[in-house]
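The values are calculated or read from the model by the stated rules, or taken from the named source; none is laboratory data. Fair warning: this is a prediction, and the values are worked out from it, not measured in the lab. Please note: Cβ atoms are built from the backbone with ideal geometry, for glycine as well, and neighbour counts cover all protein chains shown. When the accessible area is computed, the model is the full protein with side chains, heavy atoms only, and any ligands, DNA or RNA have been set aside. Shrake-Rupley method; radii C 1.70, N 1.55, O 1.52, S 1.80 Å.
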Amino acid sequence: HTTILFEEEILHLNICTEFRIPCPNHCNQQDIPRGQMQNHLDNECAKQELPCPFTDCGCEFRAERMSITKHIKESPGIHLNMAGKTISLQKKLLQLQDERMQEQKKWIELLAKKVNALEKCYGSQLIWKIDGYQEKIMEAKSGKKPTIFSPPFLTSRHGYKLACSACLFGDGKAKGKYLSLFICICRGEYDSLLMWPFSHRVTFTLLDQCEDPDNRRNISYVVKPNTCKENKPFLGRPIGERNASFGAQKFMDLDTMSTLDYIRDDTIYIKVEIDSEDMIVI
Ligand SMILES: [Zn+2]
Ligand SMILES: [Zn+2]
Ligand SMILES: [Zn+2]
C-alpha cells in the first residue's frame, strides 16, 4: 500500500493483496486479505468442501471441513478396509517393479557383454602380428630396413585410416636399446567427414604370449595427442599419403623383450587401440 492517484485506485484494489474481501463460502469471516484467501480456504474455512482424506484409498466422499471429521468417525471400518486393500495393492506393485528392475539389470549385463564383443570385432583396434622377428631385427640393426609398417586399419567402418610402425632395433636415441612404436594417420576415404586434428588416445600394447592367460604381463603405453598447432603435421588431415608418425620411442628396452613370452615362435604381437570416446561415428 503506497499513496496512489484516484484514477489508479480501483485498478489497484482489484489486485492488491492487502485488500480485504469476504469468504466466497459465506463462512463467518468477512474481511480476509486477498493474499491470504487461498490459505483460508485450504486450511481454515469451516465451509470449504474437501475430499475425504482417504480419497487415494478409494473413498469418494466430499463435504465441508466439519462434516469430514464426522464422516471418518462414523465409518472407521470402511476406511480401514480401504487402507488395507490399498497397502496390499501397493505391495504387489512394488514387487512387480522389483522384478522388472531385476530383469532390466540382467538385460543391461547382457547388452554390456554384447557391446564388448562387438567392440572386439569392429572396434578401433589392430593386432599386428610380426613374424620372422629375428630376421627383421637384424635387418633393422644393419640399417637395411630400420622401420616396418603394419597394414593400414580403420578406427571404425568409416573412420580414420591409421598404420602402426615399429623400429624393432630402436629409433634415433633409442637405437640399440629400445623397441620404438609409432602410429601415423594415413589419407583415408572418409577424411572430409571426420574431425581434425585427430585427438583420440592411442594405446600400444605388447602382448605376452604366456600360455596361462592369468600370468600374462602385457606392456602398455598410452599416447594422448596434444592438438596444438605445432602438431599439425602429425594430427592434421593428411595432405600426402600419410602424416609424420608419433608414439613411443622408448616403448620397451630390448633386454626385457627377450624375457617372459613376448617373443614366441619368433613372433611378437602388438595391439593398437584407439579410444572411441567422443568419436563421431558416421
Ligand atoms: Zn495495496
Ligand atoms: Zn471461509
Ligand atoms: Zn471417506
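One line per residue, one yes/no per condition, for (1) over 25 Å from Pro213 (Cβ atoms); (2) modelled with pLDDT under 95:
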site: Gly240; (1), (2): yes, yes
site: Met252; (1), (2): no, yes
site: Thr256; (1), (2): no, yes
site: Tyr262; (1), (2): no, yes
site: Tyr269; (1), (2): no, no
site: Ile274; (1), (2): no, yes
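For (1) open to solvent by less than 60 Å² (accessible area, probe 1.4 Å); (2) polar (S, T, N, Q), each residue gets a yes or a no:
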{"position": "Gly172", "(1), (2)": "yes, no"}
{"position": "Glu189", "(1), (2)": "no, no"}
{"position": "Leu193", "(1), (2)": "no, no"}
{"position": "Phe204", "(1), (2)": "yes, no"}
{"position": "Arg217", "(1), (2)": "no, no"}
{"position": "Pro233", "(1), (2)": "no, no"}
{"position": "Asn243", "(1), (2)": "yes, yes"}
{"position": "Asp265", "(1), (2)": "no, no"}
{"position": "Val272", "(1), (2)": "yes, no"}
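Within the set Thr69, Thr17, the sole residue that is of a type in the set (Ser, Thr, Tyr) and within 16 Å of ligand 1 (Cβ to nearest atom) turns out to be Thr17.
Could you tell me whether any residue of region 174-183 is more than 23 Å from Ser150 (Cα to Cα), outside any loop (DSSP other than H, G, I, E, B), open to solvent by 60 Å² or more (accessible area, probe 1.4 Å) and not hydrophobic (A, V, I, L, M, F, W, C)?
For region 174-183, residues more than 23 Å from Ser150 (Cα to Cα), outside any loop (DSSP other than H, G, I, E, B), open to solvent by 60 Å² or more (accessible area, probe 1.4 Å) and not hydrophobic (A, V, I, L, M, F, W, C): absent.
Test Ala166 against the stated conditions and say whether it is among the aliphatic types (A, V, I, L, M), out of contact with any Asp or Glu (no Cβ under 9 Å at 6 or more places or on another chain), at pLDDT 95 or above and at negative phi. Considered against the rule, which asks whether it is among the aliphatic types (A, V, I, L, M), out of contact with any Asp or Glu (no Cβ under 9 Å at 6 or more places or on another chain), at pLDDT 95 or above and at negative phi, Ala166 comes out as yes. A residue that is among the β-branched types (Val, Ile, Thr), assigned to a strand (DSSP E or B) and modelled with pLDDT of 90 or more cannot be found anywhere in region 42-65.
Please work out which residue is farthest from the chain's Cα centre (by Cα), limiting yourself to region 40-56 and to residues that are near ligand 3 (Cβ under 8 Å from one of its atoms) and touching a residue at least 12 places away in the same chain (Cβ under 8 Å). Checking each candidate, the answer is Cys52. Taking Glu8 as the residue in question, decide whether it is surrounded by 10 or more Cβ atoms within 10 Å (Cβ to Cβ), without any contact (Cβ under 8 Å) to a residue 24 or more places away in the chain and either part of a helix (DSSP H, G or I) or not hydroxyl-bearing (Ser, Thr, Tyr) (or both). Considered against the rule, which asks whether it is surrounded by 10 or more Cβ atoms within 10 Å (Cβ to Cβ), without any contact (Cβ under 8 Å) to a residue 24 or more places away in the chain and either part of a helix (DSSP H, G or I) or not hydroxyl-bearing (Ser, Thr, Tyr) (or both), Glu8 comes out as no.
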